[in-house]
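S.K.: Quick one: the structure is below, questions incoming.
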Amino acid sequence: MKGKLKDQKEKLKTKASPPGGFDPTPFPDAPPGYTVKFTFHRAKNLPTADISTGASDPFLTATLSTSLPRRHKEDADLCYRTRTIRRSLEPQWDEEWIVANVPSTGFRLKCRLYDEDWPDHNDRLGNVTIYGNSINESWQGLSDDAFKVKKRMGSKRAYALKAATSVFHKDVSMTPTLYVSAAVLGKSDPPHGQIYTVGPTYYFQHFSPMIGRMTGIKVNKDENADAQGDDNTSAAEKDGKHAEKKAQKYDFQANEIQLAGPVPQRLYHRFVEFRPIIGLLFQSSGFRGHILNKALHHQHARIYNFDKSTEWGTFKPCSEEASLQFLKMAHFDEGARLFTYIITLDGLMRFTETGKEFGIDLLSKHTMHSDAQIYIACSGEFLIRRVKTHKTPENSDLSQSTNPSDYEVEGEQSKETPPAKPEFYQLIIDNDSGTYRPDKSVLPDLRQFLERNFPGLKIVTPACDNPDHQKLKEHQRSMKKKMGRNIRMVLNRSPTASSFSSSDISHLDDMEQAGDEGRKSKKERAWDLLEEPRRIKDTLGPRPSNNLDAGPSTSQTNGVHASNGGITT
């Protein structure tokens, strides 16, 4: 039965011409637009959303809409998210968002204020809609203008609490205020039919210690370890002595990095509808499609979760600083890592260390990363490879090793500190994605786009069916396997520390001891029983009782401490 289902799935995947994939639709013709800088300064008089702290953790999302025609109506709007300000009712962001090709007919900027409340749903604190009805180079713009926040869509609980406290203070207003500036910087460069983010170039890093523990993924303990390079090499290392091993911790890391636009015109791909249910999922059509679409958004939010551990920062666009920031997020070439990535139409790159071992029930990796966007720029997998010298050509043979150590010692990484210079690394990035199936003819455009954003980094863009590239990725997986067990991921519960019990820790210890086999999911165990029915009786038989005297989830068990702040070893 299982074999028949697999055969049917493969037939569907290899269907001759399923709709989707590369879309050659050009940018629409449009007159020259303007580059506009929006500044989100601050908010005042916000309601208290967290009763325990007497404050909120506010952030703002902005969605920009214009009359500029789109290539397809399913193209996503331009969006921006500020960082979260902790425990404040008067957050000060002072963040800029620069957008190119805003038409002279103006814009609509929808600002939504939220209280970050992971793992629960974020509480909405209200919204502001700003209209620029007509703009040109002499447009006066906005200068720290105050806008009253509409409370109608805000959290009723938060505003009920504010109303209760306002009874004792007659002069206190119930309405929050948002302060925003907007200015025209000049006419935009072509192509004029594409609205895109010019800056700032920023990044978010999302962490989940529990998922890291489940998947066996370890990262450097702090950012200083990530940034360590030749300049920080100790004298002991230079004398040939073994340096102290870097401190590492279990952590699953999801990354977002905003690249400087515009994204090349040919980087334009639609999801491949190799099954009817896939179309329902992406378009949230019908009962099943709506349920699956909602589940997918939920899975995306669990991986790219914003909480107190989320890191945010900015860097100079198209600079060596940008290249180094990307390498830090990918941990340079350490750990034989293989990453899955997508690039949105606005140049936002999302990636995690997943490889083919990372399983998401019912959904593909790239679907999760894109958050079910119908059109994206490109998707696939990539790895970082260190080169012997900075003079190694970008088009070096993929079948030949360029790493000085080549991980010659099985199961061990090179003890040589990676140099902190982008010239010593290759970014080998492909189009290996069954969800969007990027065409290999666009790989030169992808290379050009990444070379502009990551100067100094050697960009190699092999097609996913390149035999040498497949061997290289297989070698990467085999070295990862020797360093530690494969990733086996089943997202069946909330990845919060508060739901991490002593039994969960026991299960994770079982997974760690089981090696590559890991702890099988319910679905996998069900398939095993169908293949060998005689095992059903053994499964239903008496099982040894667990230790009922195990401590609570916040106690220390087997060297692991679970608390509200996360998991530490």
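The values are calculated or read from the model by the stated rules, or taken from the named source; none is laboratory data. All values reported here derive from a predicted model rather than from experimental measurement. Please note: Cβ atoms are built from the backbone with ideal geometry, for glycine as well, and neighbour counts cover all protein chains shown. Side chains included, ligands, DNA and RNA excluded: accessible areas come from the protein's heavy atoms. Shrake-Rupley method; radii C 1.70, N 1.55, O 1.52, S 1.80 Å.
S.K.: So how much accessible area does ASP94 have, in Å² to the nearest 10, using a 1.4 Å probe?
M.R.: 80 Å²
S.K.: Protein chains only, probe 1.4 Å: how do ARG83, ARG477, ARG266 rank by accessible area, largest first?
M.R.: Numbers: ARG83 60, ARG477 40, ARG266 85 Å².
The residues order as ARG266, ARG83, ARG477, largest area first.
S.K.: Oh, and also: When the solvent-accessible surface of protein heavy atoms is calculated with a 1.4 angstrom probe, in what order do LYS162, LYS37 fall, highest first? Write out the running numbers ahead of the final one.
M.R.: Details: LYS162 20, LYS37 60 Å².
If we order LYS162, LYS37 from most to least accessible, we get LYS37, LYS162.
S.K.: Can you put GLU334, GLU451 in order of accessible area, largest first, using a 1.4 Å probe? Kindly include the intermediate steps, with their values, before the conclusion.
M.R.: Numbers: GLU334 30, GLU451 65 Å².
Sorted descending by solvent-accessible area, the residues read GLU451, GLU334.
S.K.: Just subtract the alpha-carbon distance of SER309 and ALA160 from 0.36 nm times their residue separation and send over the number in nm, one decimal.
M.R.: Working: separation 149, 0.36 × 149 = 53.64 nm, distance 2.98 nm.
The SER309-ALA160 span can extend by a further 50.7 nm.
S.K.: To the nearest 10 square angstrom, what accessible area does PHE107 show with a 1.4 Å probe?
M.R.: About 10 Å², rounded to the nearest 10.
S.K.: Using the Cα centre of the range 263-367 as the reference point, and only Cβ charges (+1 on K/R, -1 on D/E), how large is the resulting charge dipole? Debye, rounded to the nearest 20. List each step's numbers first, then the result.
M.R.: Working: 13 positive and 11 negative charges, 97 e Å.
Result for the range 263-367 is approximately 460 debye, rounded to the nearest 20.
S.K.: Any idea how far the Cα center of the range 429-456 sits from the one of the range 33-81, in Å?
M.R.: 29 Å
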